[in-house]
Amino acid sequence: MAKHKNVLPGFNLSLGYTLLYLSLIVLIPLSAAFLKTTELSLAEFWQVVTAPRVVASYKLTFGASLIGAVLNAIFGLLTAWVLTRYTFPGKKLVDALVDLPFALPTAVAGIALTAVYASNGWIGSILEPHGIKVAFTPLGVVVALTFIGLPFVVRTVQPVLEDLEAETEEAAASLGANRWQTFSRVILPALWPALLTGFALAFARAIGEYGSVIFIAGNMPMVSEITPLIIITKLEQYDYAGATAVAVVMLVISFILLFAINGLQWWSNHRISASR
Amino acid sequence: MLKRLILAALLFSSAAHADTSLLNVSYDVTREFYKDFNPAFAKYWKEKTGETVTINQSHGGSSKQARAVVDGLEADIITMNQATDIDILYEKGRLIPKDWQKRLPNGSSPTASTTVFLVRKGNPKNIKDWDDLIKPGVGVVIANPKTSGNGRYAYLAAWGYVIKKGGDDAKAKDFVAKLFKNVPVLDTGGRGATTTFVQRDIGDALLTFENEVNLIKKELGGDQFEVVYPSVSVLAENPISLVDKVVDRHKTRTVAQGYLDFHYSPEGQELAVKHYLRPRVETVAAKHKGDFKQLTLFTIDEVFGGWANAQKTHFADGGTFDQIYAK
């Protein structure tokens, strides 16, 4: 392979540091997890990761994370839009509010959400008479995962929207595009990559979330048990190999999903630049 | 990790002005007890030997704490609410000998508690004994037996009740299944279950330790809830041990042994009573007979053949507890 000549100096050094850093922080701990599962035979591994309770928890974790991320993609885009395109009193405050789920300890978030959505809480007491139970049901899991994922979409979409000058929209309008066409043909394609990134981040964050969910989920086996809880449960029984087996499955699924989202992003980028 | 760092920092800062320091790694609800117990021991030890000793405490979910010790947290002393969480120190780390429980009286358990019911004011569902908990329409809050010692004791207490009444394992399993059908939320720990019952207003009865129940009543004025003692329950023993490998390295075996023995002294036992823990030393127990409701208590050894067996049959993956929820 021919060696590329880079314009910028320091390629070898910086790549070396990157690899070292990634290895220390990500790769080595993760491979330790993989290594631990080798204590199990393949049949045992399969039995652990396909047990009905564990499978039910995958469905809940990935399903609720997906719903949460989709909700965040829609409402996060709306929030980012409002924050960049309009001026109103208290805008700075709203802007700061968006970051709160980042800073709050997740356990605090979980307790607060549970208090509000429980049948004797502010929102829960309004919903309960209509037959909607949030706290201690899978719906509660969705609420918690939506809460923690909100900043990701807003913060990735916002700078792109800011860069996207209002002139483009005016140009589209002056060329005869109606409002919907301006949005779907001009703005949305430019936002796609950022929106997808935000979605992927919110989704990934939700999959791994533990602290806030266990308070609101109710943790009933087969119904409202998330996969991270299954892992903790196994650890509490000193079943290290079983815990890492489930963790490995989560890792692999997450990696495939994130990889697919990245691929989607690459594809949409490609399409946009090709159509220009 | 952060916890360990803070702990290390604490240890370090206290080591600077103390002759000796011990680290007692304990479970969640002993916080209040050791806040009283440790200064009392320090005073006793100073008078006896002239040595100044500082005791540092670490609290958390019991299995998590035991795992931290196995993974290298330098605990001189470990105090837990079930023997399996100390056994693990031998099994996974060889930090203590296998027969650690034989080293102190009463199976190395100076105090005990039992699983009782806490019901709402006036006992609206008229809950008197175990059978009332499995009636339809009764909500029972129990901590998750998979993740909590408190929940495991509650589960085993229900099982043992059926056995003690002359039932067999099949009947007991049926009973426990019905009981858990009435459980709306499985919190991961004892304190979480308390919050669910007390703050979220969920369920008609909370199953938890006698000492936790009394703490709830004390904290909340005591008139919103009533304690119900079932006819039969489990003796929840609180075993203690020093960690041989660590005390030998720290050269703290003498003072650690003194600390353990102090649990069995009249003063230590009285402090336990103050925190609603049942004393195990005969003379003190006899003196406080009137302070603790007398009911039929069975031990884990007696009904389940020891903790290791109980753990394997009931709480391991695929055990009876999992079978309740399997479709």
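Taking every residue in the stretch B:229-243 that is of a type in the set (F, W, Y) and pairing it with any residue that is open to solvent by less than 10 Å² (accessible area, probe 1.4 Å), at least 6 positions away or on another chain, the pairs with Cβ-Cβ distances below 9 Å are B:Y229/B:T114; B:Y229/B:V116; B:Y229/B:F117; B:Y229/B:E210.
A Cβ distance below 7 Å, combined with a sequence gap of six or more or placement on separate chains, defines the contacts here; from the stretch B:85-98, residues that are open to solvent by less than 30 Å² (accessible area, probe 1.4 Å) reach residues that are among the polar types (S, T, N, Q) in the pairs B:D85/B:S62; B:D85/B:S63; B:I86/B:S241; B:I96/B:S241. When you scan the stretch A:226-241, do you find a residue that is within 30 Å of A:T168 (Cα to Cα), open to solvent by 10 Å² or more (accessible area, probe 1.4 Å), touching a helix residue (DSSP H, G or I) at 6+ places or on another chain (Cβ under 7 Å) and in contact (Cβ under 8 Å) with a residue 24 or more places away in the chain, even just one? No, the stretch A:226-241 contains no residue that is within 30 Å of A:T168 (Cα to Cα), open to solvent by 10 Å² or more (accessible area, probe 1.4 Å), touching a helix residue (DSSP H, G or I) at 6+ places or on another chain (Cβ under 7 Å) and in contact (Cβ under 8 Å) with a residue 24 or more places away in the chain. Considering the stretch B:42-64, and only residues there that are assigned to a helix (DSSP H, G or I) and within 11 Å of chain A (Cβ to nearest Cβ), the residue that is most open to solvent (accessible area, probe 1.4 Å) turns out to be B:K64.
The set of residues in the stretch B:189-208 that are more than 12 Å from every other protein chain (Cβ to nearest Cβ), open to solvent by 10 Å² or more (accessible area, probe 1.4 Å) and touching a strand residue (DSSP E or B) at 6+ places or on another chain (Cβ under 6 Å) contains only B:G190. Among the conditions (1) in the same structural domain as B:L207 (by TED's automatic domain parsing); (2) in contact with a His (Cβ under 8 Å, 6 or more places away or on another chain), B:G122 misses just one, which is (2). Just one of the listed residues (A:T156, A:T146) is over 19 Å from A:E209 (Cα atoms), more than 14 Å from chain B (Cβ to nearest Cβ) and buried (at least 19 other Cβ atoms within 10 Å of the Cβ), and it is A:T156. Could you please let me know if B:G160 is touching a helix residue (DSSP H, G or I) at 6+ places or on another chain (Cβ under 7 Å), open to solvent by less than 30 Å² (accessible area, probe 1.4 Å) and at pLDDT 90 or above? Judged against the criteria, B:G160 is a match.
Considering only the stretch A:155-223, give the helices (runs of 4 or more DSSP H) lying wholly within it that have at least 2 residues that are more than 22 Å from the chain's Cα centre (by Cα). Even if it seems obvious, please write down each step before you answer.
On the way: elements: A:166-174, A:188-208, A:213-217.
Correct list: A:166-174.
Report whether or not B:L186 is surrounded by 24 or more Cβ atoms within 10 Å (Cβ to Cβ) and within 22 Å of B:F292 (Cα to Cα).
Details: surrounded by 24 or more Cβ atoms within 10 Å (Cβ to Cβ): yes; within 22 Å of B:F292 (Cα to Cα): no.
For B:L186, the condition - surrounded by 24 or more Cβ atoms within 10 Å (Cβ to Cβ) and within 22 Å of B:F292 (Cα to Cα) - is not met.
Checking each residue in the stretch A:54-75 for being open to solvent by 10 Å² or more (accessible area, probe 1.4 Å), within 22 Å of A:F34 (Cα to Cα) and touching a residue at least 12 places away in the same chain (Cβ under 8 Å) picks out A:Y58, A:F62. Counting the residues of the stretch B:135-163 that are under 25 Å from the mean Cα position of the chain (by Cα) and part of a loop (DSSP other than H, G, I, E, B) gives 6. Scanning the stretch A:213-228 turns up one or more residues that are within 11 Å of chain B (Cβ to nearest Cβ), in contact with a Pro (Cβ under 9 Å, 6 or more places away or on another chain) and of a type in the set (S, T, Y). For A:A112, the conditions (1) crowded, with 16+ Cβ neighbours inside 10 Å; (2) modelled with pLDDT under 90; (3) within 14 Å of chain B (Cβ to nearest Cβ) all hold with the exception of (2). As a summary of the residue check, B:Y276 satisfies the conditions (1) away from every other protein chain (no Cβ under 14 Å); (2) surrounded by 13 or more Cβ atoms within 10 Å (Cβ to Cβ); (3) modelled with pLDDT under 90 except for the one numbered (3).
Filtering the stretch A:131-143 down to residues that are within 21 Å of B:G189 (Cβ to Cβ) and either out of contact with any Gly (no Cβ under 8 Å at 6 or more places or on another chain) or among the polar types (S, T, N, Q) (or both), which residue is least open to solvent (accessible area, probe 1.4 Å)?
Step one: of the stretch A:131-143, the residues within 21 Å of B:G189 (Cβ to Cβ) are A:135-137, A:140-141.
From the residues that got through so far, the ones that are either out of contact with any Gly (no Cβ under 8 Å at 6 or more places or on another chain) or among the polar types (S, T, N, Q) (or both) too are A:137, A:141.
Working: A:T137: 28, A:V141: 0 Å².
Step by step, filter the stretch A:131-143, then rank; the result is A:V141.
Residue-wise test of (1) closer than 22 Å to A:F62 by Cα; (2) within 14 Å of chain B (Cβ to nearest Cβ); (3) open to solvent by 30 Å² or more (accessible area, probe 1.4 Å).
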{"position": "A:Y86", "(1), (2), (3)": "no, no, yes"}
{"position": "A:G90", "(1), (2), (3)": "no, no, yes"}
{"position": "A:F102", "(1), (2), (3)": "yes, no, yes"}
{"position": "A:W122", "(1), (2), (3)": "no, yes, yes"}
{"position": "A:I126", "(1), (2), (3)": "no, no, yes"}
{"position": "A:P129", "(1), (2), (3)": "no, no, yes"}
{"position": "A:V160", "(1), (2), (3)": "no, no, yes"}
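The rows are residues; the columns are (1) part of a strand (DSSP E or B); (2) within 23 Å of B:D301 (Cβ to Cβ).
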position: B:R67; (1), (2): no, no
position: B:I78; (1), (2): yes, yes
position: B:D85; (1), (2): no, yes
position: B:G93; (1), (2): no, no
position: B:T115; (1), (2): yes, yes
position: B:V119; (1), (2): yes, no
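Name the single residue, out of those in the stretch B:279-327 being part of a helix (DSSP H, G or I) and of a type in the set (S, T, Y), that is farthest from the other protein chains (Cβ to nearest Cβ). Checked the stretch B:279-327; the qualifying residue farthest from the other protein chains (Cβ to nearest Cβ) is B:T283. Just one of the numbered conditions (1) of a type outside the set (A, V, I, L, M); (2) surrounded by 15 or more Cβ atoms within 10 Å (Cβ to Cβ); (3) within 14 Å of chain A (Cβ to nearest Cβ); (4) assigned to a helix (DSSP H, G or I) is not true of B:Y259: (3). Screening B:N150 against (1) away from chain A (no Cβ under 14 Å); (2) closer than 22 Å to B:T299 by Cα; (3) in contact with a strand residue (DSSP E or B) (Cβ under 6 Å, 6 or more places away or on another chain) leaves a single unmet condition, (1).
Would you call B:K218 touching a helix residue (DSSP H, G or I) at 6+ places or on another chain (Cβ under 7 Å), open to solvent by 20 Å² or more (accessible area, probe 1.4 Å) and more than 14 Å from chain A (Cβ to nearest Cβ)?
Details: touching a helix residue (DSSP H, G or I) at 6+ places or on another chain (Cβ under 7 Å): no; open to solvent by 20 Å² or more (accessible area, probe 1.4 Å): yes; more than 14 Å from chain A (Cβ to nearest Cβ): yes.
No: the conditions fail for B:K218.
Inspect all residues belonging to the stretch B:141-151 and state whether any of them is over 21 Å from B:G189 (Cα atoms) and in contact (Cβ under 8 Å) with a residue 40 or more places away in the chain. Even if it seems obvious, please write down each step before you answer.
Going residue by residue through the stretch B:141-151, those that are over 21 Å from B:G189 (Cα atoms) are none.
No - not one qualifying residue is present in the stretch B:141-151.
When we screen A:L42, A:L19 for residues that are at pLDDT 90 or above, closer than 28 Å to A:A202 by Cα, more than 14 Å from chain B (Cβ to nearest Cβ) and open to solvent by 70 Å² or more (accessible area, probe 1.4 Å), the only hit is A:L19.
The values are calculated or read from the model by the stated rules, or taken from the named source; none is laboratory data. Worth saying up front: this structure is predicted, and the values here are computed from it rather than measured. Note that we place each Cβ from the backbone using ideal geometry, even for glycine, and neighbour counts take in every protein chain shown. Just the protein is used for accessible areas: all its heavy atoms, side chains included, with ligands, DNA and RNA removed. Shrake-Rupley method; radii C 1.70, N 1.55, O 1.52, S 1.80 Å.
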